[in-house]
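J.: Take this structure first; my questions come after.
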Amino acid sequence: LLLRWRRRRALWRKVAEAQERQELSLVRMEAAARRFREQNPSVKVASILSLPLPELSRKLRDGSLPLDHVFYAYVGKALQIAIETNCITEFLQESESQLRRAKLMEKQGLLYGVPISIKDSIDCQGHDSTLGFIKNLNKPAAEDSVVVQVLKRQGAIPFVKTNVPQSLISYDCKNLIFGQTRNPLMFTRTPGGSSGGEGALVGGGGSILGIGTDVGGSLRFPAAFCGVCAIKPTGKRLSKRGVMAGVVGQKAVAAAVGPLAKDVESLALCLRALLSEDMFSLDSTVPPLPFNEEVYSSTKPLRIGYYETDFFTMPSPAMRRAIRETKQLLEEAGHTLVPFELTNVDYVMFNYCVRGMFSDGGSSFVRKFKGEMEKGGTGLFFWLASAPHWLKTLLSWISKPFVPRLSSIIRSMKENTVDEVWSLHHEIEDFCHQFIAQWKQLNLDVMLCPMLGPALGIGYPAKLSVAVSYTMLYNALDFPAGVVPVTLVTDEDEEQLKGYKGYYQDWWDRTLAKAFRGGVGMPVAVQCVALPWQEELCLRFMKEVETL
């Protein structure tokens, strides 16, 4: 008991030190922003913050806007959003040195002088990538991740790192070290996760461009919940070297690195900068596919598949309305909309996603929590991963008649043999080919899909792991998928929510109905999906939706 007490005390000391560093970061940001304001009282900060990224970067490159005006405008705004939402974990002090060096640069990249924010799990030299784990504190990265290196070569200035949920396997944003991040649009709501700090900061206007990751919706949830845009590219389109994963080594559900921004044109500019010779030379496993301007700027009418529901997670009234209204606008603009029938999403969720990510029965996932003081945010998965095989079998059998979804999750969490894992990977490949065959049979260019919304109340994502079906499907398929906010929740949507029952009418469906409630005025997005390696077409479709 004494040894345990001493160990816990040592852990609390590490947490306290990290929280002090976080507080010191905000003090430094406040001092830097105040110093700049005093020296430059005539700078119109609001007009700088209102500029969209393409215009801002153009003004920075042609010299009509000084670099330090932009940098300190965003430092001040980021500080305000951090105080309101608790989204920043660390101010990257070297960003001020980088700013001074940038003024002397002859070669100006596409993101010259643009201050950007980076998710906690993406390595920045000299800084921790904690994933919300105490054990990862005081272990600074030896070098920048490839994505950060490329962004710096393109002139961008990473200035803050942002908060994540513990382990990243959650679409909330809370950990024992840095606490709960709140949604900038409504503080009682989650900003989404796992790139939740990015969603809050970009959504609140404290960052013009953020970089996050996505293994089940971790870019798309924060963007949709906070009313901004994001794209999850095909898994290997951008380098993942130096990017920490929630479940290391699993290949069934593809993870991806991608940007969040206020508008689609900003995402396109970011991908133009990233898909450069620098990326391909720093990581030779990334296919050398530069950004295809012709596809992105095309005005050819599109043939668009769509569906209103996946018949697994019942859409909220606002989600259904978002799809219907967007479909109508697209048709009026001359595009062809074709119904797409989704089948067996329950099988995909349990057999490919849950079983794929926890093929070892969850033992490697449980090991990550060894020595930690909290296992929050992952709810059911941690408990099941820790349970012995006989107990999982018994619980699965008992719960099957009453809660079939719980039974399926428990069954999916069993330990697999190597042969079973190989068979699973083969089955996922077959499913992907069948999905593409159905897509091509309808001669589709892109797909319009629902996106979970509005933002759920804080704490609800831990109880509603099943509600990731709309996003995780496209990680299993490894298709590029982006989100665009299209509407706000109305009083009528809220009224219709009273009749929300769900497809299974189980505890999860009842909980989701509660989690949706009280969201009047909150944004609701749609998902835009393309076939693998067609990020430019996905962005072109997103741009069309955004414009309409």
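The values are calculated or read from the model by the stated rules, or taken from the named source; none is laboratory data. As the structure is a computational prediction, the values presented were derived from the model and not from experiment. Methodologically, a virtual Cβ is constructed for each residue, glycine included, from the backbone with ideal geometry; neighbour enumeration extends over all protein chains shown. All accessible areas refer to the heavy atoms of the entire protein, side chains included, with ligands and DNA or RNA removed. Shrake-Rupley method; radii C 1.70, N 1.55, O 1.52, S 1.80 Å.
J.: Evaluate the following for VAL27: is it exposed (fewer than 13 other Cβ atoms within 10 Å of the Cβ) and β-branched (Val, Ile, Thr)?
T.: Working: exposed (fewer than 13 other Cβ atoms within 10 Å of the Cβ): yes; β-branched (Val, Ile, Thr): yes.
Yes.
J.: Another one. ARG100 passes all but one of (1) open to solvent by 30 Å² or more (accessible area, probe 1.4 Å); (2) more than 25 Å from the chain's Cα centre (by Cα); (3) closer than 29 Å to THR188 by Cα; which number fails?
T.: (3)
J.: Within region 219-244, work out how many residues are open to solvent by less than 10 Å² (accessible area, probe 1.4 Å) and assigned to a loop (DSSP other than H, G, I, E, B). Walk me through how you get there before you give the answer.
T.: Start the filter on region 219-244 by keeping residues that are open to solvent by less than 10 Å² (accessible area, probe 1.4 Å), which leaves 219-226, 228-235, 237-239.
Narrowing the set further to residues that are assigned to a loop (DSSP other than H, G, I, E, B) leaves 219, 228, 233-235, 237-239.
Residues that pass the stated criteria total 8.
J.: Something else now. Tell me which residues, restricted to region 324-361, are farther than 17 Å from THR309 by Cβ and in a loop (DSSP other than H, G, I, E, B). Even if it seems obvious, please write down each step before you answer.
T.: Taking region 324-361 as the starting set, the residues that turn out to be farther than 17 Å from THR309 by Cβ are 328-336, 350-361.
Once the filter is applied, which keeps residues that are farther than 17 Å from THR309 by Cβ and in a loop (DSSP other than H, G, I, E, B), region 324-361 yields ALA333, GLY334, HIS335, PHE358, SER359, GLY361.
J.: Can you pull out every residue in region 60-78 that is in contact with a Cys (Cβ under 9 Å, 6 or more places away or on another chain) and either open to solvent by 10 Å² or more (accessible area, probe 1.4 Å) or not hydrophobic (A, V, I, L, M, F, W, C) (or both)? Step through it out loud before you land on a result.
T.: As a first pass, look at region 60-78 and keep what is in contact with a Cys (Cβ under 9 Å, 6 or more places away or on another chain): 78.
Passing the criteria: none in range.
J.: Do we find that TYR504 is of a type outside the set (Lys, Arg), open to solvent by 60 Å² or more (accessible area, probe 1.4 Å), at pLDDT 95 or above and not assigned by the TED database to the domain that holds LEU238 in this structure?
T.: On the way: of a type outside the set (Lys, Arg): yes; open to solvent by 60 Å² or more (accessible area, probe 1.4 Å): yes; at pLDDT 95 or above: yes; not assigned by the TED database to the domain that holds LEU238: yes.
It is true that TYR504 is of a type outside the set (Lys, Arg), open to solvent by 60 Å² or more (accessible area, probe 1.4 Å), at pLDDT 95 or above and not assigned by the TED database to the domain that holds LEU238.
J.: A further question on this structure: Taking the criterion of being aliphatic (A, V, I, L, M), within 28 Å of SER266 (Cα to Cα) and touching a residue at least 40 places away in the same chain (Cβ under 8 Å), would at least one residue in region 3-18 satisfy it?
T.: Taking region 3-18 and keeping what is aliphatic (A, V, I, L, M), we get 3, 10-11, 15-16, 18.
Then drop every residue that is not within 28 Å of SER266 (Cα to Cα), which leaves none.
For region 3-18, residues aliphatic (A, V, I, L, M), within 28 Å of SER266 (Cα to Cα) and touching a residue at least 40 places away in the same chain (Cβ under 8 Å): absent.
J.: Of the conditions (1) touching a residue at least 40 places away in the same chain (Cβ under 8 Å); (2) open to solvent by 10 Å² or more (accessible area, probe 1.4 Å), PRO140 clears all except one; give me its number.
T.: Evaluating PRO140 over (1) touching a residue at least 40 places away in the same chain (Cβ under 8 Å); (2) open to solvent by 10 Å² or more (accessible area, probe 1.4 Å) leaves (1) as the failure.
J.: All but one of (1) within 30 Å of GLU427 (Cβ to Cβ); (2) in a helix (DSSP H, G or I) hold for ARG321; which doesn't?
T.: All conditions are met except number (1).
J.: Here is a follow-up. Scan region 335-356 and give yes if some residue there is open to solvent by less than 50 Å² (accessible area, probe 1.4 Å), without any contact (Cβ under 8 Å) to a residue 60 or more places away in the chain, more than 22 Å from the chain's Cα centre (by Cα) and under 30 Å from VAL146 (Cα atoms), otherwise no.
T.: No: zero hits.
J.: Okay, moving on. Anything in region 362-391 that is outside any loop (DSSP other than H, G, I, E, B) and hydroxyl-bearing (Ser, Thr, Tyr)? List them, or say none.
T.: Within region 362-391, the first condition is being outside any loop (DSSP other than H, G, I, E, B), and the residues that meet it are 363-368, 379-386, 389-391.
Passing the criteria: SER363, SER364, SER386.
J.: Let me ask something else about it. Can you confirm whether SER117 is of a type in the set (Ser, Thr, Tyr), over 23 Å from CYS173 (Cβ atoms) and in the same structural domain as ARG241 (by the TED database)? I'd like the intermediate steps shown before the answer.
T.: Details: of a type in the set (Ser, Thr, Tyr): yes; over 23 Å from CYS173 (Cβ atoms): no; in the same structural domain as ARG241 (by the TED database): yes.
No.
J.: Would it be correct to say that LEU477 is more than 30 Å from LEU302 (Cβ to Cβ), aliphatic (A, V, I, L, M) and touching a residue at least 40 places away in the same chain (Cβ under 8 Å)? Walk me through it before giving the result.
T.: Details: more than 30 Å from LEU302 (Cβ to Cβ): no; aliphatic (A, V, I, L, M): yes; touching a residue at least 40 places away in the same chain (Cβ under 8 Å): yes.
Judged against the criteria, LEU477 is not a match.
J.: Among the helices (runs of 4 or more DSSP H) contained in region 392-499, which hold 3 or more residues that are of a type outside the set (Val, Ile, Thr) and surrounded by fewer than 17 Cβ atoms within 10 Å (Cβ to Cβ)? Reasoning before the result, please.
T.: Details: elements: 404-412, 418-441, 469-476, 491-496.
It comes to 418-441, 491-496.
J.: On to the next question. Could you look through region 158-174, keep only residues that are outside any loop (DSSP other than H, G, I, E, B) and touching a Phe, Trp or Tyr at 6+ places or on another chain (Cβ under 8 Å), and pick out the one that is farthest from GLN19 (Cα to Cα)? Quick ask: steps written out before the conclusion?
T.: Kept after step one, since they are outside any loop (DSSP other than H, G, I, E, B), are these residues of region 158-174: 158-162, 174.
Adding the requirement that they be touching a Phe, Trp or Tyr at 6+ places or on another chain (Cβ under 8 Å) leaves 159-160.
Working: PHE159: 18, VAL160: 15 Å.
The extreme case among them is PHE159.
J.: In region 526-548, which residues are in contact with a Lys or Arg (Cβ under 8 Å, 6 or more places away or on another chain) and either crowded, with 21+ Cβ neighbours inside 10 Å or assigned by the TED database to the domain that holds ALA224 (or both)?
T.: Of everything in region 526-548, those that are in contact with a Lys or Arg (Cβ under 8 Å, 6 or more places away or on another chain) and either crowded, with 21+ Cβ neighbours inside 10 Å or assigned by the TED database to the domain that holds ALA224 (or both) turn out to be GLN527, GLU535.
J.: Which residue out of GLY482, GLY459 is at negative phi, within 26 Å of the chain's Cα centre (by Cα) and in contact (Cβ under 8 Å) with a residue 60 or more places away in the chain? Walk me through it before giving the result.
T.: Values: GLY459 fails: at negative phi.
Selected residue: GLY482, the only one of GLY482, GLY459 that is at negative phi, within 26 Å of the chain's Cα centre (by Cα) and in contact (Cβ under 8 Å) with a residue 60 or more places away in the chain.
J.: Out of the helices (runs of 4 or more DSSP H) lying entirely within region 262-307, which hold 2 or more residues that are within 17 Å of VAL484 (Cβ to Cβ) and open to solvent by less than 70 Å² (accessible area, probe 1.4 Å)? Before the answer, list the steps.
T.: Values: elements: 264-274, 277-282, 293-296.
Answer list for region 262-307: 264-274.
J.: Out of everything in region 112-130 that is in a loop (DSSP other than H, G, I, E, B) and over 20 Å from VAL15 (Cβ atoms), what residue ends up being most open to solvent (accessible area, probe 1.4 Å)? Can you show your working first?
T.: Keep residues of region 112-130 that are in a loop (DSSP other than H, G, I, E, B), which gives 112-114, 120-121, 123-124, 126-130.
Keeping just the survivors that are over 20 Å from VAL15 (Cβ atoms) gives 112-114, 123-124, 126.
On the way: TYR112: 11, GLY113: 0, VAL114: 0, ASP123: 24, CYS124: 4, GLY126: 49 Å².
Only one residue tops the list, namely GLY126.
Listed here are the residues, each with its yes/no results for (1) touching a Ser or Thr at 6+ places or on another chain (Cβ under 7 Å); (2) under 24 Å from ASP506 (Cα atoms).
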site	(1), (2)
TYR306	no, no
GLU325	yes, no
GLN328	no, no
VAL345	yes, yes
ASN351	yes, yes
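J.: Here is a follow-up. How many of the residues making up region 183-214 are buried (at least 24 other Cβ atoms within 10 Å of the Cβ), in a loop (DSSP other than H, G, I, E, B) and polar (S, T, N, Q)?
T.: 4
J.: How about region 136-157: which of its residues are part of a loop (DSSP other than H, G, I, E, B) and not polar (S, T, N, Q)?
T.: So in region 136-157, the residues part of a loop (DSSP other than H, G, I, E, B) come out as 137-140, 142-145, 154-156.
The answer is LEU137, LYS139, PRO140, ALA142, GLU143, ASP144, GLY155, ALA156.
J.: Anything in region 79-97 that is open to solvent by 50 Å² or more (accessible area, probe 1.4 Å) and β-branched (Val, Ile, Thr)? List them, or say none.
T.: Within region 79-97, just ILE83 meets the criteria.
J.: For region 396-424, which positions are among the β-branched types (Val, Ile, Thr) and over 28 Å from the mean Cα position of the chain (by Cα)?
T.: Initially, region 396-424 is screened for residues among the β-branched types (Val, Ile, Thr), giving 398, 403, 409-410, 417-418, 421.
The answer is ILE398, VAL403, THR417, VAL418.
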